[in-house]
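The values are calculated or read from the model by the stated rules, or taken from the named source; none is laboratory data. Only a predicted model underlies this, so the values are computations on that prediction, with no experimental measurement involved. Virtual Cβ from ideal backbone geometry, glycine too; neighbours counted across all protein chains shown.
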Amino acid sequence: MSRELKSAILTAALLWGVGAGTCLALPPSLPPHLETMGNGFRYGFPPQVEKQGLVFAGSVVPIQRPDVRSRVLKEINYLLQDRRSRILAWLNGADALTGVMAPILREYDIPSDFIYLAAIESSYNSRALSSAGAYGYWQFIRPTAANPPKGCDKYNWKMIMCDWKDERADLVRSTHGAARYLAWLNRIKKVSLNGRPNRDGFNDWLLTCASYNAGPSRVVERLNGFGAESYWDVPLPVETERYVPRWIATALIGRYRNFYGVQIPRTRSVAFETVDKIRLKKDLSFVAMARLLDTNPRVVWSLNTQVAPEKGVFPARSGTRSIEHRINVPRGSRNKFIAQLAANGYTK
């Protein structure tokens with residue numbers, strides 16, 4: 001910020017205080033984010049980012065380029081000024097779910113910044129539904145969720161969607177699915193750019209993120225049409241133009257909360273235990289399960305959002321076929337739950 005602008009702000013503050021009949025001392029310093037005010041934006045980049053550059057998800061973001069700088073700052077300012085309640089909710093959700101999501105992303109060598117992508121996709125809402133039919137935490141549409149790549153079991157992101165459950169709304173299953181899909185886009189999917197032979201994956205997390213939003217074919221088509229290989233060098237659909245900068249902006253605000261003046265109360269991390277490979281002798285309703293666990297049915301559902309709330313039951317069978325269940329219970333209650341299932345005739 002220029003010395004003249006800083007002086008003008010301080011003078012205005014003093015005059016306002018005097019005009020209001022208040023004795024207002026000059027503040028010793030401006031809020032940190034106002035120190036970087038410039039480029040027409042209230043909020044700029046933190047000093048360490050200005051000094052060291054911005055590396056995000058393993059890619060250098062060329063913020064020295066005016067167009068790139070403006071696109072990222074525009075999203076930072078949009079979130080902090082026009083959508084402040086939303087960014088606060090997103091950061092709160094990220095804090096609550098990092099303990100579950102981060103280890104899954106690490107398992108597939110996905111940068112931890114992708115935790116914030118789920119905020120943009122669904123606001124961490126298990127039941128988020130888009131106009132295009134995308135559903136759940138990571139907003140998979142049915143055809144994508146049902147059709148993983150063939151002959152590539154390591155990246156099999158298939159999720160079960162049936163009349164009583166939808167794994168797109170399952171925090172663990174959908175995060176595994178998203179991580180596998182992202183890893184496949186980045187490392188496996190055949191990509192041909194600018195007339196060169198197919199390569200394995202985009203090998204660039206920003207292009208991978210853009211492809212998650214717009215579809216890989218559209219991203220490749222635009223890159224080839226403009227003879228480009230960088231996300232920043234090609235015009236993409238309007239939504240995708242903002243999608244990647246908003247992801248970067250969300251993560252930066254999350255990293256530099258003190259700088260941006262964002263205060264989030266301490267959030268309790270989502271924590272649960274899983275009882276796997278359970279076969280039931282009779283249907284287990286959320287109401288009955290809550291009684292077994294000395295809790296309430298909403299708590300049961302909050303840990304098992306893959307089950308449609310209008311169903312509210314883990315069925316024992318589908319037709320003549322026995323169903324194998326994976327059921328989440330509050331942390332510390334796994335052994336009690338297993339014992340109660342047996343004692344009440346739900347298992348052998």
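Here residue 244 meets each of (1) in a loop (DSSP other than H, G, I, E, B); (2) within 30 Å of residue 79 (Cβ to Cβ) with one exception, condition (1). The set of residues in segment 312-322 that are part of a strand (DSSP E or B) and surrounded by 15 or more Cβ atoms within 10 Å (Cβ to Cβ) comprises 313, 314.
Please state which one of 170, 204, 153 is crowded, with 21+ Cβ neighbours inside 10 Å and out of contact with any Gly (no Cβ under 7 Å at 6 or more places or on another chain).
Working: 204 fails: crowded, with 21+ Cβ neighbours inside 10 Å; 153 fails: crowded, with 21+ Cβ neighbours inside 10 Å.
Checking each option against the conditions leaves just 170.
Listed here are the helices (runs of 4 or more DSSP H) enclosed by segment 46-131 that have at least 3 residues being of a type in the set (A, V, I, L, M) and modelled with pLDDT of 95 or more: 66-77, 84-107, 115-122.
Screening residue 292 on (1) free of Cβ contacts under 8 Å to residues at least 60 places away in the same chain; (2) surrounded by fewer than 16 Cβ atoms within 10 Å (Cβ to Cβ) shows it passes everything except condition (2). Taken over segment 65-79, the criterion of being surrounded by fewer than 20 Cβ atoms within 10 Å (Cβ to Cβ) and hydrophobic (A, V, I, L, M, F, W, C) is satisfied by 68 alone. Within segment 292-311, the set of residues being at pLDDT 95 or above and part of a loop (DSSP other than H, G, I, E, B) comprises 294, 295, 296, 304, 305, 306. One residue stands out among those in segment 223-275 that are modelled with pLDDT of 95 or more and under 30 Å from residue 316 (Cβ atoms): the one that is farthest from the chain's Cα centre (by Cα), which is 275.
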